[in-house]
Amino acid sequence: MRKLNLDILKNGLPGFSKTVGSFLAEAALVCLELNKHSTGVSLEISGDFEETFHVSWTGTITSSVKEGWKDVKEATEYGASALAILLIKELTPFQYFERMNQDEIGDYLIKTSKEAKDFSFIEISGIWKKSPKNSVNNRIRLKMKQIQKKATYKLELFTIVIEFSEPEGKIIRNEFG
């Protein structure tokens, strides 16, 4: 079984700082711990990658951390970003992550390095707790429809949805345009 360590984000990654990395890691920690998970929880990934990861971290959420993340919708989106970035880092050659503007295609532009000419995108979505109407598969379909409408040129994009109550995730690689 492979491993994902949220603490890696606290050192920053090519494309974002330690502060941003710590922010994302903390959001994921909140989502996992408030869903009654502890370090070492299994994250089942389906789609174009079939893997099981053990997600680990150090520390626990304090009352001040809980107070800072009362908006669980926001925590879910940033927490999903933390896990999606680590998954892409582990499963693909992409190691550079650049945050995109919200009106652009994808949440992050990704490259093998900052200097690399070839690039792709990742579109990320998080689910606090799935329901029949809000499942990982339904969210993947919704995200792919949104991207199809925006794609005006040929591009490669990874759509990633992370669900925190199970936890589980799905990664779909597509070409648009």
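The values are calculated or read from the model by the stated rules, or taken from the named source; none is laboratory data. These numbers come from a predicted model, not from an experiment. For neighbour counting, all protein chains shown are included, and Cβ atoms are generated from backbone atoms with ideal geometry for every residue, glycine included.
Just checking, which of K10, K36 is at positive phi and free of Cβ contacts under 8 Å to residues at least 24 places away in the same chain? Steps first, please.
Numbers: K10 fails: at positive phi.
Within the list K10, K36, the selection yields K36.
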Is it true that some residue in segment 62-72 is touching a residue at least 40 places away in the same chain (Cβ under 8 Å), touching a strand residue (DSSP E or B) at 6+ places or on another chain (Cβ under 8 Å) and surrounded by 14 or more Cβ atoms within 10 Å (Cβ to Cβ)?
-> no
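Does segment 58-66 include one or more residues that are outside any loop (DSSP other than H, G, I, E, B), of a type in the set (V, I, T) and out of contact with any helix residue (DSSP H, G or I) (no Cβ under 7 Å at 6 or more places or on another chain)?
There is no residue in segment 58-66 that is outside any loop (DSSP other than H, G, I, E, B), of a type in the set (V, I, T) and out of contact with any helix residue (DSSP H, G or I) (no Cβ under 7 Å at 6 or more places or on another chain).
Given the residues E51, E90, which is the only one that is in contact with a helix residue (DSSP H, G or I) (Cβ under 8 Å, 6 or more places away or on another chain), more than 18 Å from S125 (Cβ to Cβ), at pLDDT 95 or above and among the charged types (D, E, K, R)?
Numbers: E90 fails: in contact with a helix residue (DSSP H, G or I) (Cβ under 8 Å, 6 or more places away or on another chain).
None of the other options fit; the residue is E51.
Determine if segment 13-21 includes at least one residue that is under 14 Å from K89 (Cβ atoms), in a helix (DSSP H, G or I) and under 15 Å from the mean Cα position of the chain (by Cα). Steps first, answer last, please.
Restricting attention to segment 13-21, the residues satisfying the condition of being under 14 Å from K89 (Cβ atoms) are 13-16, 21.
This time we only want the ones that are in a helix (DSSP H, G or I), so: 21.
From what's left, under 15 Å from the mean Cα position of the chain (by Cα): 21.
Yes, some residue in segment 13-21 is under 14 Å from K89 (Cβ atoms), in a helix (DSSP H, G or I) and under 15 Å from the mean Cα position of the chain (by Cα).
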Among the residues of segment 101-123 satisfying the criterion of being in contact with a strand residue (DSSP E or B) (Cβ under 6 Å, 6 or more places away or on another chain) and surrounded by fewer than 18 Cβ atoms within 10 Å (Cβ to Cβ), which is farthest from S17 (Cα to Cα)?
-> F119
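Quick check on this structure: which one of A75, A84 is over 18 Å from I147 (Cα atoms), assigned to a helix (DSSP H, G or I) and either without any contact (Cβ under 8 Å) to a residue 12 or more places away in the chain or of a type in the set (A, V, I, L, M, F, W, C) (or both)? First the steps, then the outcome.
Values: A84 fails: over 18 Å from I147 (Cα atoms).
Answer to the selection: A75.
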